[in-house]
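Take a look at the structure set out below.
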Amino acid sequence: MNTQHEAGMATTHRVLILGAGYAGMAAAIQLAARVKRRDGVQVTLVNPQERFTERLRLHMTATGQQLAEMNITELLEGTGAQFVRGWVTAVDADAKTVRSDDDRVLHYDTLVYGLGSVADTTAVPGVEDYVYTLNSAQDAELLADRLARLGSGTVVVGGSGLTGIESAAEIAERHPELNVVLLGRQEPGATMNPKAKAYLHSALERLGVQVRSGVEMMKVLPDSVELAGGENIVADVVLWTSGTRMSPLAAAAGLTVDERGRIVTDATLRSVSHPEVYAVGDAAAIRQGYGVMHGTCQGGMPTGVHAAVSIARALKGRKPKPFRFGYYHTPVSLGRHDAVVQFTHPDDSPRRVYLTGRRAAWYKETVSASPWPAYGRMKKIPSSGAFWPRGGRFTRVQDAR
Ligand SMILES: Cc1cc2nc3c(=O)[nH]c(=O)nc-3n(C[C@H](O)[C@H](O)[C@H](O)COP(=O)(O)OP(=O)(O)OC[C@H]3O[C@@H](n4cnc5c(N)ncnc54)[C@H](O)[C@@H]3O)c2cc1C
């Protein structure tokens with residue numbers, strides 16, 4: 001533990017990174033690799049678990065599949081960055097301190113806020129009481145245990161976005177003894193081109209997933225989900241993937257947040273209200289020429305790298321550069337042997353090109369497996385983390401804040 005972080009000594013520039021998800025991890029490795037030989041900079045990463053959570057694969061955890069052990073402390077070894085295990089309970093943006101659940105107080109000069117997002121369990125009555133989520137590895141393991149003991153019955157997946165689709169497909173493939181119903185407002189694959197979408201629907205049908213789109217879930221009961229209009233869908237288990245919710249810590253600290261609780265950033269990823277705070281990943285509301293980015297790993301890792309590069313520049317007295325990012329794909333797994341990959345324009349609208357079947361499953365697997373080796377490469381060659389599509393004309397128009 002870095003005593004300077006706790007005692008608030010001013011001899012060192014203290015960079016505190018909250019959350020070791022895809023974005024926070026990228027920020028920590030990138031920054032530590034850039035400043036490791038320089039005195040006077042301390043990088044500290046805070047996360048509740050020492051094991052890295054592969055959020056992209058939590059639907060696999062939820063169906064009892066074992067994931068590789070990825071240890072955050074081991075990855076940080078040799079970088080000079082420190083790891084603090086803890087759950088952050090408060091940020092004091094005036095005192096520049098962070099409090100954790102064991103009453104530890106950590107001081108910072110620069111904060112990188114990467115606490116991610118979770119499924120929104122607050123919007124519909126009964127959700128808090130009766131559903132399972134994929135918010136953490138522990139939550140996914142609870143669901144795996146329940147599904148393994150069920151034997152027969154119906155699993156309702158609430159939310160027909162990408163997480164809902166991947167989860168429904170995975171459960172149907174691993175548990176053919178269960179009925180799987182996918183419920184949501186939007187048609188699965190709504191943003192894909194018609195052929196990719198048609199493939200997605202045929203794959204869900206092949207797996208036996210019953211899709212009910214265009215429905216509004218009004219209430220979750222112990223044994224069913226009530227839809228608008230009064231229809232009840234019987235459910236032995238409900239997995240909730242609908243909507244996202246942010247940690248309340250940023251808003252409580254007085255940072256400017258958007259209507260969803262995400263920290264509003266300037267073009268360089270600094271908080272518009274507190275420029276010593278950088279926001280990355282799902283927790284940040286980052287405006288590009290095409291609009292505010294939505295939470296993904298493909299965009300989250302670049303935000304972490306960019307924040308780290310900006311901090312390293314600022315430490316040398318140089319101005320941070322604007323962040324630019326353009327989407328390039330939407331890979332969706334459909335069990336372990338099938339997938340659909342929709343290639344996109346930088347604003348996330350679909351291109352004509354898409355992949356399906358085993359080639360798409362291989363592509364998706366390659367994408368899911370890539371972050372950890374990327375961190376390893378960044379540790380040795382920091383600039384290797386700086387390759388991502390900048391979005392061309394789609395991102396050229398920047399907010400001049
Ligand atoms: C099943 C599933 C499949 C997905 N598939 C894809 C995909 O194919 N492609 C894609 O781009 N995106 C995908 N996503 C979305 C993607 O996982 C997220 O956009 C991404 O994880 C965001 O990264 P992040 O670093 O911002 O947050 P996270 O990865 O969620 O990390 C946040 C970290 O902060 C920690 N944390 C939270 N609160 C606190 C606290 N109070 N104190 C301390 N630590 C805290 C968490 O424990 C976690 O380690 C998927 C998501 C799910 C659930």
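Each value in this text was obtained by applying a stated rule to the coordinates, not by laboratory testing. Just so you know, these numbers come straight off a predicted model, no measurement behind them. Positions of Cβ are generated from backbone atoms using ideal geometry, with glycine treated the same way; all protein chains shown enter the neighbour counts.
Each Cα pair under 8 Å and six or more residues apart adds its separation to the average, and for the range 127-242 the resulting relative contact order is 34 percent. Given R₀ = 56 Å, FRET efficiency for residue 123-residue 12 by Cβ-Cβ distance, to 0.05? In this case the efficiency is close to 0.85. The reciprocal of the average 1/r between distinct C-alpha atoms defines the Kirkwood hydrodynamic radius, which for the range 113-243 equals 14.9 Å.
Of the residues 112, 84, 367, the one with the fewest other Cβ atoms within 10 Å heads the list, and the complete ranking is 367, 84, 112. Dipole magnitude for the chain: about 2320 debye, using +1 per Lys or Arg Cβ and -1 per Asp or Glu Cβ, origin at the Cα centre.
The packing ranking of peptides 257-270, 158-171, 220-233, 374-387, highest mean first, is 158-171, 257-270, 374-387, 220-233, where packing means the average number of other beta carbon atoms within 10 angstrom of each residue. Per the Cα gyration tensor, the range 314-389 maps to an equivalent ellipsoid with semi-axes of 30, 18, 7 Å, ordered largest to smallest.
Restricting attention to the chain, close to 50% of DSSP beta bridges with both partner residues there are antiparallel.
Taking a straight line from the alpha carbon of residue 319, these aspartates and glutamates sit under 16 Å away, with near neighbours fewer than eight places off in the same chain left out: 266, 276.
The calculated FRET efficiency for the pair residue 336 and residue 228, based on their C-beta separation and a Förster distance of 51 Å, comes to about 0.90. Relative contact order (percent) for the chain, with alpha-carbon contacts under 8 angstrom and 6 or more residues of separation? Rounded, it is 18 percent for the chain. A full extension of the chain between residue 36 and residue 386 corresponds to an added length of 124.2 nm, given 0.36 nm per residue minus the alpha carbon distance.
For the range 127-242, the antiparallel share of DSSP beta bridges with both residues in that region comes to about 30%. The calculated P(r) of the chain, using every Cα pair and 10 Å bins from 0, goes 5, 22, 31, 25, 13, 3, 0 in percent.
Specify the angular offset, from 0 to 90 degrees and rounded to the nearest 10, of the alpha carbon long axis of helix 22-35 from the longest principal axis of the alpha carbons in the chain. The angle comes out at about 20 degrees. Approximating the spin labels as points 7 Å out from Cα along Cα→Cβ, the residue 89-to-residue 359 distance works out to 5.4 nm. When the chain is described by a simple charge dipole with +1 on each Lys and Arg Cβ and -1 on each Asp and Glu Cβ, the residue from 254, 125, 279 located farthest towards its positive end is 279. Straight-line cross-link reach from residue 316 at under 27 Å between alpha-carbon atoms covers these lysines, not counting any fewer than eight positions away in the same chain: 36, 96, 379, 380.
For the chain, the longest principal axis of the C-alpha atoms and the axis of helix 297-315 are separated by about 10°.
With 0.36 nm allotted per residue and the present C-alpha distance subtracted, the residue 351-residue 198 stretch has 53.6 nm of extension available. Of the three principal axes defined by the Cα atoms of the range 231-370, the extents in descending order read 52, 38, 26 Å. Each principal axis of the range 70-160 carries a Cα extent, and these read 53, 33, 26 Å when sorted largest first.
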